[in-house]
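Student: Have a look at this one.
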Amino acid sequence: MNWYIEVLKKYVVFKGRARRKEYWIFIVFNMFFSLLLSQADQMLGYYDAKMGIGTLGMVYAAAVLCLLV
């Protein structure tokens with residue numbers, strides 16, 4: 001979990017490079033959270049088929065985007 005948070009903290013740091021492990025752990029956690037929230041959206045009825053994403057997934061995507069920018 002530390003690698004996931006470190007990627008969010010170091011997004012705008014252009015010194016050095018991320019290790020392969022940091023990158024893949026971030027990707028795995030991000031996919032896990034996205035799939036989990038997608039399932040929760042479908043069970044709660046928040047999933048919008050037109051947009052292809054639910055309310056919880058949208059909030060998560062916006063939060064990650066805001067933290068990365």
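The values are calculated or read from the model by the stated rules, or taken from the named source; none is laboratory data. Small disclaimer: the values here were computed from a predicted structure and weren't measured. Methodologically, a virtual Cβ is constructed for each residue, glycine included, from the backbone with ideal geometry; neighbour enumeration extends over all protein chains shown. Remember, those area values only see protein heavy atoms, side chains included, never the ligands or the DNA or RNA. Shrake-Rupley method; radii C 1.70, N 1.55, O 1.52, S 1.80 Å.
Student: Considering only segment 23-58, state which residues are at pLDDT below 85 and among the acidic types (Asp, Glu).
Tutor: Within segment 23-58, Asp48 is the sole residue that qualifies.
Student: Residues being closer than 21 Å to Leu8 by Cβ, part of a helix (DSSP H, G or I) and touching a helix residue (DSSP H, G or I) at 6+ places or on another chain (Cβ under 8 Å): count how many of those fall in segment 35-58. Talk me through it step by step, then tell me what you get.
Tutor: Initially, segment 35-58 is screened for residues closer than 21 Å to Leu8 by Cβ, giving 35-38, 53, 56-58.
Narrowing the set further to residues that are part of a helix (DSSP H, G or I) leaves 35-38, 56-58.
Applying the additional criterion that residues be touching a helix residue (DSSP H, G or I) at 6+ places or on another chain (Cβ under 8 Å) yields 37-38, 56-57.
So the answer is 4.
Student: Please identify the pairs in which a residue from segment 40-69 that is farther than 29 Å from Glu6 by Cα has its Cβ atom under 6 Å from the Cβ atom of a residue that is open to solvent by less than 40 Å² (accessible area, probe 1.4 Å) and at pLDDT 85 or above, counting only partners at least 6 apart or on another chain.
Tutor: Tyr46/Gly54; Tyr47/Asp41; Tyr47/Gly54
Student: I've got another one for you. May I ask you to list the residues in segment 9-34 that are open to solvent by less than 100 Å² (accessible area, probe 1.4 Å), in a helix (DSSP H, G or I) and free of Cβ contacts under 8 Å to residues at least 24 places away in the same chain? Before you say what the answer is, go through the steps one by one.
Tutor: Taking segment 9-34 and keeping what is open to solvent by less than 100 Å² (accessible area, probe 1.4 Å), we get 12-13, 16, 18, 22, 25-30, 33-34.
Checking which are in a helix (DSSP H, G or I) leaves us with 22, 25-30, 33-34.
Matches in segment 9-34: Glu22, Ile25, Phe26, Ile27, Val28.
Student: For segment 43-64, give me each residue that is surrounded by fewer than 12 Cβ atoms within 10 Å (Cβ to Cβ) and more than 11 Å from the chain's Cα centre (by Cα).
Tutor: Within segment 43-64, Met43, Leu44, Gly45, Ala49, Lys50, Met51, Gly52 meet the criteria.
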